[in-house]
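Only one structure is covered here, and it is reproduced in the block below.
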Amino acid sequence: MKPQKKLLLIGESFSPWTKKARWALEHCGLAYGYKEYTPTLREPGLRWRMRQLTGPVSVPVMFAGGKVFRGSWEIARYASETAADGRLGDMDAIAPWNHLSEAALAAGRTGVVRSVLSNNQALEEALPAFVPAVLRRPMRFVARDAAQRLDHKYAHLVKPDAARQALLKTWEGLAQSNCDYLLGSFSYADMAMAVVLEVVAPIARTEPPLGPATQRCWNNPELAEGFEDLVNWRDRLAANDATTYSQFRPE
Ligand SMILES: N[C@@H](CCC(=O)N[C@@H](CS)C(=O)NCC(=O)O)C(=O)O
């Protein structure tokens with residue numbers, strides 16, 4: 001293990017990309033500080049910290065020894081290089097799995113955002129915690145506006161059917177490896193693909209917790225039923241001390 005720098009991760013607890021980053025850091029035994037990001041409200045602060053005043057920003061972002069690591073893949077690579085013992089697997093061999101995961105998550109996110117947009121209760125739940133109950137209904141438009149902006153920001157990344165394709169490839173990969181690990185032993189490939197199930201039948205603990213209507217928006221019963229074997233596989237990884245991470249553990 002290389003000497004450890006102080007790490008600060010900024011993410012969204014419910015976001016599958018943040019889940020991938022945390023899982024990788026924790027599997028590599030790296031301690032990190034964590035701050036929850038609130039889109040729009042916290043964007044100026046994040047831009048300031050990143051020294052990035054223009055262009056799109058997204059989370060997770062990690063700060064380590066004056067360097068900025070943008071996105072789950074850069075963070076996972078950093079974790080792998082710091083652990084320096086190959087415990088996340090061969091990252092070059094894993095890259096194609098991560099591409100499948102990214103495409104599936106992009107499609108999943110757009111599905112979730114559009115489902116929130118068509119659900120008044122979920123829109124109210126999306127407002128920050130400090131908004132009092134009586135103001136939630138009249139302020140739905142604020143949440144709708146934020147969700148529409150997210151939808152526009154990321155819609156270009158969506159390839160139809162990407163989630164199903166990624167799940168199918170994972171199912172085939174596991175059948176081929178003939179064990180619970182895509183590359184024969186637990187690696188970031190398993191994390192990247194197991195996290196796809198978080199836009200199908202999520203189980204990771206989120207803080208702050210999502211409201212009940214929002215939770216329903218994150219579920220895709222049709223895919224969950226079609227890929228029940230994979231949901232069970234992900235549950236086995238989550239239940240195993242050697243392969244799980246903090247968001248899969250009860251508090
Ligand atoms: N490729 C990036 C994707 C990260 C990403 O899409 N983050 C979204 C999560 S929904 C985000 O930051 N959304 C909030 C925003 O755009 O304001 C990664 O691997 O981390």
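None of the figures in this text is laboratory data; all of them are computed from the coordinates on show. What you see is a predicted model; the values in this text were computed from it and never measured. Neighbour counts are summed over all protein chains in view; Cβ atoms, including those assigned to glycine, are modelled from backbone coordinates with ideal geometry.
Could you check how many percent of all C-alpha pairs in the stretch 116-235 are farther apart than 19 Å? If you can, show how the numbers build up before the last one.
On the way: 4118 of 7140 pairs.
Cα-Cα pairs in the stretch 116-235 separated by more than 19 Å: 58 percent.
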*Can you give me the pair-distance distribution of the stretch 7-83, C-alpha pairs, 10 Å bins, whole percents?*
20, 57, 22, 2
*asked:* I want the antiparallel fraction of DSSP beta bridges within the chain, as a percent rounded to 5.
replied: 65
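Which of Asp235, Asp85, Asp190 comes first, and how do the rest follow, when ranked by fewest Cβ neighbours within 10 Å?
On the way: Asp235 15, Asp85 10, Asp190 28.
Ranking Asp235, Asp85, Asp190 by Cβ neighbours within 10 Å, fewest first, gives Asp85, Asp235, Asp190.
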*What does the charge count near Leu230 come to, summing +1 for each Lys or Arg and -1 for each Asp or Glu among other residues with Cβ under 13 Å from its Cβ?*
-4
*May I ask what percent, to the nearest 5, of DSSP beta bridges between residues of the stretch 7-83 are antiparallel?*
65
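Under a Cβ-only charge scheme (Lys and Arg +1, Asp and Glu -1), can you give me the dipole magnitude of the stretch 7-127 about the Cα centre, in debye to the nearest 20?
Approximately 320 debye in magnitude.
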*Given the rule -39500 (n - 2.57) for each run of at least 4 DSSP H residues, summed and divided by the residues of the chain, what is its mean residue ellipticity at 222 nm, to the nearest 500 deg cm²/dmol?*
-16000 deg cm²/dmol
_Point-charge dipole on Cβ atoms (K/R +1, D/E -1) for the stretch 71-194, about Cα centre, debye to 20_ = 800
*asked:* List the residues, sorted by chain then number, that are 5 or more residues from Tyr34 or on another chain and whose placed amide H is less than 5 Å from its amide H.
replied: Leu9
*So what are the three principal axis dimensions of the chain from its Cα atoms, in whole Å, longest to shortest?*
53, 45, 36
*In debye, nearest 20: dipole of the chain around its Cα centre with unit charges on the Cβ of K, R (+) and D, E (-)?*
1180
*Could you grab the relative contact order for the stretch 91-243? Cα pairs under 8 Å, six or more apart, rounded to a whole percent.*
32
*Dipole of the stretch 7-83, positive end: most advanced residue of Tyr37, Phe14, Met50 [Cβ charges, Cα centre]*: Met50
_Relative contact order [Cα under 8 Å, 6+ residues apart], the stretch 18-173, whole percent_ = 23
*Taking the dipole about the Cα centre of the chain, with the C-beta of Lys and Arg at +1 and of Asp and Glu at -1, give me whichever of Pro132, Val196, Asn232 is farthest to the positive side.*
Pro132
